[in-house]
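Below is one structure, written out as structure tokens; the observations come after it.
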Amino acid sequence: MNEKLFSQFEMSFWQLSRNMGYVWNEIFEKRLPGSQSYILYVLEQGGPKRMSELADSICLTPGAVTVASDKLMNQGFIERIRDEADRRIVHVKITEKGEEALKEMRSEGKDVMRQVFYHLSEPELECLVDVFEEANHNLKRIRKGNV
């Protein structure tokens, strides 16, 4: 592999990732600061969770998750539900309003992505998708220690 070309790719990829991260963060932070948007995302993807499960999944203390969750509940983005089998257990779940908020933020982010990559033809976009999917597959293997 051409080392100079790979170094150029590495720098470009790093800059793009970092700048897109800033853009996505701005979109989510202006609407739902701190860990609130991440809590919504986790609940959308994984369904209802106990507070302790939610804290573990986003690597925050239960207290921090409770504070963020209370703010989300006050806005109507999540709700508490009691476990049917054991009423002592309380789960939180995303509401339709929370799902709609995530959808709006994703739409705004997707609009920015379209502006960034407007110059790509459909075949180029398909190629980029293939490259990213393969890279994600490789990264999962590496993280599992299956290099």
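The values are calculated or read from the model by the stated rules, or taken from the named source; none is laboratory data. Because the structure is a prediction, the values reported are computed rather than measured. With ideal geometry, Cβ positions are generated from the backbone for all residues, glycine too; neighbour counts draw on all protein chains shown.
Assorted remarks:
- Of the residues examined, Phe77 is one that is in contact with a helix residue (DSSP H, G or I) (Cβ under 6 Å, 6 or more places away or on another chain), of a type outside the set (Val, Ile, Thr), more than 30 Å from Val131 (Cβ to Cβ) and not assigned by TED's automatic domain parsing to the domain that holds Ala135.
- Neighbours by Cβ (under 6 Å, 6+ apart or cross-chain): first from the stretch 1-25, among the β-branched types (Val, Ile, Thr); second assigned to a helix (DSSP H, G or I): Val23/Val112
- Any hit, the stretch 88-108, residues being under 24 Å from Ala135 (Cα atoms) and under 17 Å from the mean Cα position of the chain (by Cα): yes
- Checked against (1) assigned to a helix (DSSP H, G or I); (2) without any contact (Cβ under 8 Å) to a residue 60 or more places away in the chain; (3) surrounded by 12 or more Cβ atoms within 10 Å (Cβ to Cβ); (4) not acidic (Asp, Glu), Met113 meets all criteria but (2).
- Sub-6 Å Cβ pairs linking a first residue in the stretch 26-47 that is in contact (Cβ under 8 Å) with a residue 12 or more places away in the chain and exposed (fewer than 15 other Cβ atoms within 10 Å of the Cβ) to a second residue that is outside any helix (DSSP H, G or I) and of a type in the set (D, E, K, R), at least 6 apart or interchain, number zero.
- Of the residues making up the stretch 1-32, those that are assigned to a helix (DSSP H, G or I) and among the aliphatic types (A, V, I, L, M) are Leu5, Met11, Leu16, Met20, Val23, Ile27.
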